[in-house]
Amino acid sequence: MNDTVIARMDGDESIIEVIEYPSLNLTRRPDLAAIAFYAQHMGIRLRQLRITLTGGGASIEPGMLQFSHGTITSNTTAGGAWGFLKRYVQKRFNNESIFRTTFNGNGVIYTEPTFDHYLLARIAPGEEAIVDDGRYVASEAGVDNGLAFKKSISSLLLSKDEVVRTRITGNGWCVVQSPIAASDVLRIDLVDQELRVDGDIVLFRKGQLDQKVSGATGDIPGLVTSGEGLVNVFRGTGQVWLAPAEHGYEQLIDLLQRAGMPYGPRSASPTRPRRTLEELIS
């Protein structure tokens, strides 16, 4: 296969890899040749996940499987009555599926190709991770995802983020979807420190971190005179993953739209779109 492994993480009895195809082959559609040419030079690439099981297990979102080979058993479940209720709430608030497809055994699993970006993260025992915007994609056996409710009154009343997010716990690797390339994601380590973020650029965070909403300058006069408004404040010990370039890309798309370029309006809540090239340009 003409692919390249751009990210890899080893589990106890599994390996997760992000593979990327270096070229777009649209020879069957001559009418799309010019678009494919410019997409190629802009660095647009197809990607998919490859999960190798060596006696272990992994879970992925339903509908993502492309094919698998080996001695692998699969099971789609919501985890009983309580699990179904939990998944239903996740679907209601975070656009995540009610069900999970779990694979166990020995073999290789490939997910459907997409133009999305993927981030690999490792969850340590006793550690908690919070995923924003329903970006959970897959995880190793031993990693569980549940519900995380906002704890502070300020973040509940003042923040525009979701009331309910996905909490990831356990031990092993997990995969989250990213709107930008992994190389553009900024990871900030906090050790009993504070991080202030203006805007919804937080993709993922893990560790012992509390979140609240506060003025950018920390006092009322500063809030009135600085023009900065309210920000999300993360305090504690852990790691926060930011997408600082995302708003710049959104501004570029808006400029192209105003200039009359044939790009449709952005979705208000994009959730892991599995796009083909023809859908991108339609």
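The values are calculated or read from the model by the stated rules, or taken from the named source; none is laboratory data. On a predicted model such as this, the values are computed, not experimentally measured, just so you know. Heads up, the Cβs are rebuilt from the backbone with ideal geometry, glycines too, and the neighbour counts pull from every protein chain shown.
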Exercise for the section: Run ARG28 past the list (1) surrounded by 13 or more Cβ atoms within 10 Å (Cβ to Cβ); (2) modelled with pLDDT under 75 and report the number of the one that doesn't hold. Expected result: (1)
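Would you say GLY55 is within 22 Å of the chain's Cα centre (by Cα), at positive phi and either modelled with pLDDT of 75 or more or surrounded by 19 or more Cβ atoms within 10 Å (Cβ to Cβ) (or both)? Please lay out each step first, then the result.
Working: within 22 Å of the chain's Cα centre (by Cα): no; at positive phi: yes; either modelled with pLDDT of 75 or more or surrounded by 19 or more Cβ atoms within 10 Å (Cβ to Cβ) (or both): yes.
When the stated conditions are applied, GLY55 does not pass them.
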Completion exercise
Residues of the range 1-35 being over 25 Å from the mean Cα position of the chain (by Cα) and under 25 Å from SER68 (Cβ atoms), in sequence order, are MET1, ASN2, ASN25
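Yes or no, residue by residue, for (1) out of contact with any Leu (no Cβ under 9 Å at 6 or more places or on another chain); (2) in a strand (DSSP E or B); (3) aromatic (Phe, Trp, Tyr); (4) more than 25 Å from LEU119 (Cβ to Cβ):
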| residue | (1), (2), (3), (4) |
| --- | --- |
| GLN40 | no, no, no, no |
| ILE44 | no, no, no, no |
| GLN48 | yes, yes, no, no |
| THR52 | yes, yes, no, no |
| GLY57 | yes, yes, no, no |
| GLY63 | yes, no, no, no |
| PHE67 | yes, yes, yes, no |
| GLY70 | no, yes, no, yes |
| SER74 | no, yes, no, no |
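Among the listed residues PRO265, PRO244, PRO273, which satisfies the condition of being at pLDDT 75 or above and under 30 Å from GLY43 (Cα atoms)?
On inspection, the qualifying residue turns out to be PRO244.
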Exercise for the section: May I ask you to say which residue of GLY199, GLY229, GLY218 is under 21 Å from the mean Cα position of the chain (by Cα) and at pLDDT below 85? Expected result: GLY199
Practice task
For residues that are within 8 Å of the chain's Cα centre (by Cα) and not charged (D, E, K, R), scanning just the range 123-141, find the one that is farthest from ASP12 (Cα to Cα).
Solution key: GLY134
Exercise for the section: Under 8 Å between Cβ atoms, at least 6 apart or on separate chains: pull out the pairs that start in the range 119-142 with a residue that is within 18 Å of ASP200 (Cβ to Cβ) and end on any residue that is part of a loop (DSSP other than H, G, I, E, B) and among the basic types (Lys, Arg). Expected result: GLY134/ARG272; ARG135/ARG272
Problem - Given (1) surrounded by fewer than 16 Cβ atoms within 10 Å (Cβ to Cβ); (2) assigned to a helix (DSSP H, G or I); (3) modelled with pLDDT under 70, index of the condition LYS160 fails - result: (2)
Problem - Residue identified as within 27 Å of ILE51 (Cα to Cα) and modelled with pLDDT of 65 or more among GLN251, GLN211, GLN177 - result: GLN177
